[in-house]
1. Hey, what do the phi angles of the range 176-191 turn into as Karplus ³J(HN,Hα) couplings, whole Hz, using 6.51/-1.76/1.60 and θ = phi - 60°, x for Gly and Pro?
2. Label 7 Å along Cα→Cβ of Ala38; the range 58-89 residues with amide nitrogen under 14 Å?
3. If each of Asn11 and Lys45 carries a label point 7 Å out from its Cα toward its Cβ, how far apart are those two points in nm?
4. For the range 122-256, what is the charge dipole size about the Cα centre, in debye to the nearest 20, if Lys and Arg each add +1 at the Cβ and Asp and Glu each add -1 at the Cβ?
5. Sorted by packing (mean other beta-carbon atoms within 10 Å per residue), highest first, where do 82-89, 31-38 land?
6. If you place +1 on the Cβ of every Lys and Arg, -1 on the Cβ of every Asp and Glu, and leave all else neutral, what size is the dipole of the range 202-256 about its Cα centre, to the nearest 20 Debye?
7. Assigning unit charges at the beta carbon (Lys, Arg +1; Asp, Glu -1) and nothing else, what dipole magnitude in debye, to the nearest 20, does the chain show about its Cα centre?
8. Quick one: Debye curve from the alpha-carbon atoms of the chain only, equal weights, vacuum; give me log10 I(q)/I(0) at q = 0.11, 0.15, 0.16 Å⁻¹ to two decimals.
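The values are calculated or read from the model by the stated rules, or taken from the named source; none is laboratory data. None of these values were measured; they are calculated from a predicted model. Glycine gets a Cβ as well: all are built from the backbone with ideal geometry, and neighbour counts include every protein chain shown. SASA here: full protein model, heavy atoms, side chains in, ligands and nucleic acids out. Shrake-Rupley method; radii C 1.70, N 1.55, O 1.52, S 1.80 Å.
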Amino acid sequence: LSSHPLIDKFNEPVLKNLGLENDEKLIILGPCAVESYAQLDEIAKFLTENNIKFMRAGVFKPRTSVYDFQGLGSSGLALLKEIKEKYNLKLVSEIMDISQLPLMNDIDILQVGARNMQNFELLKQLGKTNKTIILKRGFGNTIDEFLCAAEYILKGGNKNLILCERGIRTFEPLTRNTLDLGCVAIIKNQYQIPIITDPSHATGHQQLVTPLALASLAAGADGIMIEIHNNPSIALSDAEQALDLKMAKELINRIK
Ligand SMILES: [Mn+2]
């Protein structure tokens with residue numbers, strides 16, 4: 001294994017710094033992408049009614065095809081700001097390039113996506129900020145490489161870091177990726193750094209999200225991040241894996 005001394009001695013109360021009580025799980029729900037004010041408003045209202053304090057929503061979308069919806073960019077951030085002020089939610093959104101950082105002052109947690117896990121320049125720059133970061137595991141990366149990537153952020157001085165297992169690419173075609181709960185167990189056994197999972201991108205199917213969300217928490221994950229949509233059938237990205245609000249409500253109840 002590579003050396004990762006800062007992971008080894010990591011002891012920062014990252015989740016407490018986000019306002020979570022002892023052993024409270026970090027539950028992040030929201031749409032894959034910001035699409036409109038009405039969409040965000042309906043989802044944010046649902047979250048507030050169900051006492052969920054963290055909303056995810058992408059505005060810079062790393063899509064496999066350049067011909068797919070690329071996100072609303074800075075106009076999406078303006079919508080998120082309005083929603084944040086109306087509902088007092090904490091926001092999670094993906095940063096793809098350090099040039100986007102000055103635009104993202106209203107985002108509470110910056111996500112580094114799987115495709116950028118080894119974008120070392122981005123990691124170094126984020127290490128110089130005091131923003132809370134969710135670092136997703138690349139779908140082709142080992143746990144050791146995941147920890148090495150985390151070390152890049154920590155080495156810059158930023159200790160507000162949360163890892164996220166989001167599935168790895170295997171020979172199995174019936175799920176989008178394979179959620180590696182062994183990764184969660186290893187991290188929880190050996191280190192203090194928080195780790196959550198993303199069962200939405202791990203499975204790619206609405207029906208598989210809830211079982212793997214519950215399995216993640218059973219395996220010791222500190223939280224989950226899940227895609228939900230007020231009308232999944234018209235979602236502009238990742239429609240097949242988005243829970244509708246009824247399914248999201250059932251998930252929340254089962255987590256409790
Ligand atoms: Mn997505």
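1. With the stated coefficients, the range 176-191 comes to 4, 9, 10, 5, 9, 6, x, 4, 4, 5, 5, 4, 5, 6, 10, 9 Hz.
2. none
3. The modelled label-to-label distance comes out at 4.8 nm.
4. About 460 debye.
5. 31-38, 82-89
6. Magnitude of the dipole: close to 260 debye.
7. 320
8. -0.53, -1.06, -1.23
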